[in-house]
Amino acid sequence: MLMKSNVSSLADILDDIIRVEDSKYQEFDYDHNPTLGSMYEALTEHVVDRMLPPNLELKMVGGFIYDDKGYRSGEIDRMLVRGEGKQLGFTGKYEYHVKDVLVIFEVKKTLTKDDLIDAYHHLRGVSRAYSEYFEDYLDNGGDINVAYAARSFAQVTGLPAPKKYSDIHEMTKEDALIFYTLVQDTYSPIKIIHGYGGYKTESGLRTTFVDFFSEQKNQPGFGVPNIPNLITSENYSLVKTTGMPFKVSRFDDGYWPVVCSSRDNVVNLIIEVVWTKISIVFNAAMPWGDEFESDVMVNLLMGKFATDESSKQSGWLYSSVELKERMLRNVERLVPWEPVIVSDVVNSVITQIGWLGYLNSNEPYFKKLCKKSGLRKRQLLKKLLDTNLFTNDDHGNIEFVWPDMAVSDLGSGKYAISNEVKKLRCWCEQNSFDSRLSLFGQV
């Protein structure tokens, strides 16, 4: 029997609180929408407060966001902030600089298309304000730690992780757009549109989002950094997969899945997003626990760099996946965690990288491995990159995405590999394999 992670256990507790309170709110007898809206905003604050570590002086408030150039947001339902901010009289509302806002919540009792559109445009202004602050910060000599975004970049593209933000100037336009997006989404405020009720089907929520985006062709403000990180509607969610924390690899045709739909517990998703943000901003170890089941999300919106031939303007070119509800229901959503199973040839690659720090695909040894596997060079490289555990640079150097790699010998020329040592050891024990692992660190 698989144990629940701390995230799932906390989500279950908070979900119970929401169900109890929501049932009370359904009996609210007064025809006064602002009061009912305030009740759901307060419920969101109550729930998120219980996700927060006690020693970081974070708090949930309502109010406004500003920058140094005169930007003032409309009223924000709730936002997770650090520092004191400025209290607005005796209202209980606060004003915070955009750099001190970690997460923004637009709260809806029942999410409709009009609500989604209004919230998107409201949050888009915050994204723009942070982007301008970010550029000014760098122009004035500021420095940022890109380690988290860089590793996400390696997983998404199969290319080596950049060492610093200025490496963006050495990238292709396609890769630079992805790296910029990952960095922006790491540091800008997380944007959540949280609907307690609304769409009764996953396909309905997906269709509404795609229709909205389709209506905005060639309009500014619809690049990937502006897309909310999470849109929830009762039991369904649209999840941004740009590294905070969810991510999907770029396809061979250059398209990158940037929004997926999910049927996972909505509170579970909120915890993962909030904790990821906190862990990065404060370099804090959050009490994740080990999750031995994975939620399967379904691709919805893909994007890639493109230049319009007539206007010569560059930006995001989008493509969407349209699926009927019946097809979405047939997708198995909760699957057990598993390592990547590889051949002895891939194990030889791991061993070589563990010894030397890399393996060059142009060297005779790699050609020997290709011959042994019966694969061409391009095919073996693709097999390695498809694991999301290796990168390959322009010089042919193959390296690990993560600093370490754990390997379990399953016998018969098969090996289980993962960067998550504890999970791999538990998987081996549960499946009656030897739990003694070989650990390789990149030199």
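Please treat every number below as a calculation from the coordinates, not as lab data. Remember, predicted model here, so these are calculated numbers, not experimental data. With ideal geometry, Cβ positions are generated from the backbone for all residues, glycine too; neighbour counts draw on all protein chains shown.
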* **Those residues of region 351-375 which are out of contact with any Phe, Trp or Tyr (no Cβ under 8 Å at 6 or more places or on another chain), surrounded by 16 or more Cβ atoms within 10 Å (Cβ to Cβ) and assigned to a helix (DSSP H, G or I), in sequence order** => Phe366, Leu369, Cys370, Ser373
* Tell me, yes or no, whether region 193-204 has at least one residue that is touching a Pro at 6+ places or on another chain (Cβ under 7 Å) and in a strand (DSSP E or B). => yes
* Answer yes or no as to whether Val273 is touching a helix residue (DSSP H, G or I) at 6+ places or on another chain (Cβ under 9 Å) and assigned to a helix (DSSP H, G or I). => no
* Within region 284-298, track down each residue that is within 17 Å of Arg50 (Cα to Cα) and hydroxyl-bearing (Ser, Thr, Tyr). => none
* To do: Select from region 217-274 the residues that are aromatic (Phe, Trp, Tyr) and surrounded by fewer than 24 Cβ atoms within 10 Å (Cβ to Cβ) and write down the one among them that is nearest to the chain's Cα centre (by Cα).
  => Phe246
* Flag if Trp337 is in contact with a Ser or Thr (Cβ under 6 Å, 6 or more places away or on another chain) and either surrounded by 13 or more Cβ atoms within 10 Å (Cβ to Cβ) or in contact (Cβ under 8 Å) with a residue 24 or more places away in the chain (or both) -> yes
* Asked: Do any residues in region 209-229 that are free of Cβ contacts under 8 Å to residues at least 12 places away in the same chain and closer than 24 Å to Glu132 by Cα have Cβ atoms under 9 Å from those of residues that are of a type in the set (Val, Ile, Thr) and surrounded by fewer than 18 Cβ atoms within 10 Å (Cβ to Cβ), where the two are at least six apart or on different chains, and which pairs are they?
  -> none
* Residue ranges of strands (runs of 3 or more DSSP E) in region 376-443 with at least 1 members free of Cβ contacts under 8 Å to residues at least 40 places away in the same chain and surrounded by fewer than 20 Cβ atoms within 10 Å (Cβ to Cβ) -> 404-411, 438-441
* Structure fact -> In the set Tyr133, Tyr120, the lone residue that is assigned to a helix (DSSP H, G or I), touching a residue at least 60 places away in the same chain (Cβ under 8 Å), closer than 19 Å to Tyr187 by Cβ and among the aromatic types (Phe, Trp, Tyr) is Tyr133
* Please determine, by comparing only the residues of region 163-192 that are without any contact (Cβ under 8 Å) to a residue 24 or more places away in the chain and part of a loop (DSSP other than H, G, I, E, B), which one is surrounded by the most Cβ atoms within 10 Å (Cβ to Cβ). => Met171
